[in-house]
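Worksheet for the structure shown next.
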Amino acid sequence: VNHQITENTKKQKFDLLWIDKGLLIRPETLKEVKRVCPQTKIITFSPDDMLNPGNQSGYYLKCIPLYDYHITTKSYNVPELKELAAKNVIFTDKSFDPDFHKKMSLSADELKKYGCNVGFIGQFEKERFQSMLFLAKNGVKVTVRGTSWEKYINIHPNMVVKPGFILGEEYAKVINATKINLCFLRKVNRDLQTARSIEIPACGAFMLGERTNEHLYLFKEGEEAEFFETDQELLHKIRFYLGNEEKRLQIAERGKRRCFESGYSTKERLFVVMKNIYAVLFMSACIIGIGA
């Protein structure tokens, strides 16, 4: 990857070098880019908490002062990265891809395969497991899909565990087929919002997520999405909305509308980020993007 970057910049002058979570990018590589193309803006983006040691590398930490811009979806990383000598840090909210995250008409077979009253898609984490087990013990059947759930397959009759990755179109189908989509946040990443926070409403599906200040400014509670703080509140809202389909569908539709009207798509988010980087977004730039 480092060789590819330096070889490309020797062949052509680039306005922008965009690196997604560059854990493998060496500081010498970025210094060489600046030597060969001093006008190139070097940008790093990550959807993860980069102050979490599990998301870092020695190379990444040494490169922090060398990037012209850091783009983060973690608001709390802004001051933290600045303390580590990051030059410019831009926060952007999570986004959705309208080509994937959309309302879908599912066949009878697809509804049978993916459908459920209450569902969650995501990796195992202790806190979310405990909340869903609480629901199961209180008579709510929950379907869990994602990685690292294998040893919990038979934990409770009301907790249906289907381990493995759910990607692309299948991911959107699962969301569309689920009456109440749970949106738990990842505690190890200190999440205040996550990809599901936008993707679920963008699919025109009902989201019941953890209440945070960021969730509350993204969606109006009780109108465009629903939120909870305790397991008891979670249980109460699930029971209420399973018994009030019309209200549930209205909230889901308004949540989808909010995603489009407020510019939550990846393209629109990127446009705002680029406007922050350049006074006027250049329309004919030569861009190289290398993912690590």
Please report, in whole Å, how far the alpha carbons of the range 170-239 spread along each principal axis, starting with the longest. 28, 28, 22
Can you give me the angle between helix 245-261 and the longest principal axis of the chain, using Cα atoms only, in degrees from 0 to 90, rounded to the nearest 10? 10
Solvent-accessible area of residue 76, probe 1.4 Å, all protein chains present, reported in Å² to the nearest ten, please. 40
Could you order the peptides 29-42, 131-144 from most to least packed, using the average number of other C-beta atoms within 10 Å per residue? 131-144, 29-42
Can you list the HN-Hα couplings for the range 200-214, worked out from phi with the Karplus curve (6.51, -1.76, 1.60; θ = phi - 60°), rounded to whole Hz and with x for Gly and Pro? 5, x, 4, 7, x, 10, 7, 10, 10, x, 5, 7, 9, 5, 6
When the accessible area of the chain is computed with all protein chains present and a 1.4 Å probe, what percentage of it is carbon and sulfur? 52
HN-Hα J in Hz across the range 116-126 - Karplus 6.51, -1.76, 1.60, θ = phi - 60°, x for Gly and Pro: 6, 6, 10, x, 9, 10, x, 6, 4, 8, 3
Once you list every other residue whose beta carbon is under 13 Å from the beta carbon of residue 140, what net charge do they have if Lys and Arg are +1 and Asp and Glu are -1? +4
From most to least accessible, 1.4 Å probe, no ligand or DNA/RNA atoms counted, 254, 269 line up as 254, 269
In angstroms, what radius of gyration and Dmax does the chain have, counting Cα atoms only? 21.1, 64
Through the Karplus equation 6.51 cos²θ - 1.76 cosθ + 1.60, θ set to phi - 60°, convert the phi angles of the range 172-180 into ³J(HN,Hα) values in whole Hz; use x for Gly and Pro. 5, 5, 4, 4, 5, 8, 9, 5, 10
Rounded to a whole number, the Stokes-Einstein D of the range 103-243 in µm²/s (Kirkwood radius over Cα pairs; 37 °C; 0.692 mPa s) is 217
Solvent-accessible area per residue for the range 88-146 (1.4 angstrom probe, square angstrom): 49
What whole number of Å gives the distance from the Cα centroid of the range 91-106 to the Cα centroid of the range 153-187? 17
So how do 7, 169 rank on accessible area, 1.4 Å probe, biggest first, that is with the largest at the start? 169, 7
Most to least accessible of 149, 18 (protein chains only, probe 1.4 Å): 18, 149
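The values are calculated or read from the model by the stated rules, or taken from the named source; none is laboratory data. As the structure is a prediction and not an experimental result, all values here were calculated from the model. Because the Cβ atoms are built from the backbone with ideal geometry, glycine has one as well, and the counts that use them run over all protein chains shown. Heavy atoms of the whole protein, side chains included, go into the accessibility calculation; ligands, DNA and RNA do not. Shrake-Rupley method; radii C 1.70, N 1.55, O 1.52, S 1.80 Å.
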